[in-house]
Amino acid sequence: MRCIDSVQGSSAPADAISLSANGLGLRSGLLRGSSEDGDTDAAIRLSFDQPAGRGEIGFYEFDPDFNIIVSDCFWRQDGFVKYAGEGWIRFNFCLDAKAAFDFEELGRFELRGQELRVFHQPEGMDCGHHIFGNGRSVCVTISVRRAYLGKLLGTRDNRFLESAEQTGGDGFFFQRYEMDPASLRAVADMLTMKHRGTLRLIYAKAKSEELLVNALSFAGRGERASPRIRLGERDRTRILQVREMLDETFAKPPPVSELARRFGINRNKLSYGFRAVHDRSMSEYIADRRLETAWQLLDETDRPVAHIAEEVGFSHLQSFSSAFKKRYGLSPSMLRRSASDEK
């Protein structure tokens with residue numbers, strides 16, 4: 001165990017912090033009094049319970065050009081961190097957040113709820129990370145350099161980056177995607193890793209590569225999508241608010257007409273815009289949330305299958321079982337038996 005001896009709050013000097021060397025600058029300047037636990041410098045976890053917040057942050061470095069940060073925190077107070085522009089491409093798989101990324105003249109991007117954010121921070125372009133108090137930060141952030149993607153994927157990443165960079169200036173881009181159930185499960189697995197030492201590092205790398213493949217697949221689908229509708233930043237904000245409401249009401253969601261009226265957006269723009277932003281319709285998104293939640297409840301609780309089916313929005317157990325098996329390749333009862341065997 002080692003102790004972190006300094007903190008950067010919202011009023012601290014905004015010196016840019018490097019994510020190189022497995023986030024050493026972030027680890028040594030983030031929170032005073034955090035316990036640092038790690039069998040190797042390549043896999044380190046911070047645990048803290050301070051006035052600023054509480055939780056755990058894990059740092060894993062698989063290569064000087066490939067590292068991840070796994071965060072499960074609740075922040076009681078506002079905070080601010082500035083990340084140095086070092087050419088990282090970052091894949092932020094987020095389950096919950098209450099924050100914002102600020103790239104100065106290139107824009108400020110609110111971070112709310114569950115989504116994947118992919119962005120490139122060119123050399124010399126700092127990123128301000130505003131953390132808002134009374135909010136959670138539950139995410140896995142993969143940071144890779146373009147050269148590393150080139151080694152892994154050959155020319156594939158060049159097509160992805162060239163397309164993405166057309167949306168920004170000086171190589172900068174910031175894109176949002178909806179996470180599929182497989183990515184949600186992979187993030188949940190990384191947040192609950194029980195392995196230690198070298199096995200933990202191997203497991204984290206395997207899950208990170210799975211997430212990276214998923215992210216590049218999302219981006220590839222986004223490249224092929226036809227921009228049939230133009231969305232302003234206000235439209236995107238309202239669509240994100242609609243999605244957050246669906247996250248809370250997916251078992252019994254409001255009609256599209258009611259959502260459009262409540263959030264002040266044209267019904268057709270909401271329907272087409274939701275698909276454009278999240279690569280699926282609202283009904284498909286609701287179905288995904290129901291089945292993903294059902295998986296978690298089956299895996300983590302002892303509630304009867306029929307009760308879970310009703311809780312996530314299925315009126316008939318047979319319909320739930322059929323949809324679950326079609327999506328995951330096994331029935332709810334098979335998953336329940338598997339989870340029981342592991343325990």
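The values are calculated or read from the model by the stated rules, or taken from the named source; none is laboratory data. All values reported here derive from a predicted model rather than from experimental measurement. Positions of Cβ are backbone-derived with ideal geometry, glycine not excepted, and every protein chain shown enters the neighbour counts.
For region 267-284, which positions are outside any loop (DSSP other than H, G, I, E, B) and in contact with a strand residue (DSSP E or B) (Cβ under 8 Å, 6 or more places away or on another chain)?
Passing the criteria: Val277, His278.
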Go through region 285-309 and report how many residues are of a type in the set (D, E, K, R), assigned to a helix (DSSP H, G or I) and free of Cβ contacts under 8 Å to residues at least 40 places away in the same chain.
1
If you check Ala306, Ala339, which single one turns out to be aliphatic (A, V, I, L, M), modelled with pLDDT of 90 or more and over 30 Å from Arg267 (Cβ atoms)?
Ala306
Condition (residue is within 24 Å of Glu292 (Cβ to Cβ), touching a residue at least 40 places away in the same chain (Cβ under 8 Å) and outside any loop (DSSP other than H, G, I, E, B)) applied to region 254-265: is it met by at least one residue?
no
The condition of being surrounded by fewer than 17 Cβ atoms within 10 Å (Cβ to Cβ), in the same structural domain as Arg45 (by TED's automatic domain parsing), in a strand (DSSP E or B) and not hydroxyl-bearing (Ser, Thr, Tyr) holds, among Gly128, Gly124, only for Gly128
If you check Glu56 against the conditions, is it over 24 Å from Gln175 (Cβ atoms), touching a Ser or Thr at 6+ places or on another chain (Cβ under 6 Å), free of Cβ contacts under 8 Å to residues at least 60 places away in the same chain and in a strand (DSSP E or B)?
yes
Going through region 182-208 in order, the residues found to be more than 26 Å from Leu298 (Cα to Cα) and free of Cβ contacts under 8 Å to residues at least 60 places away in the same chain are Leu199, Ile202
Out of the residues in region 310-335 meeting the condition of being outside any helix (DSSP H, G or I) and of a type in the set (Ser, Thr, Tyr), tell me which one is farthest from Gly113 (Cα to Cα).
Ser331
Single residue of Val312, Val277, Val305 found to be over 21 Å from Asp96 (Cα atoms) and of a type in the set (Val, Ile, Thr):
Val305
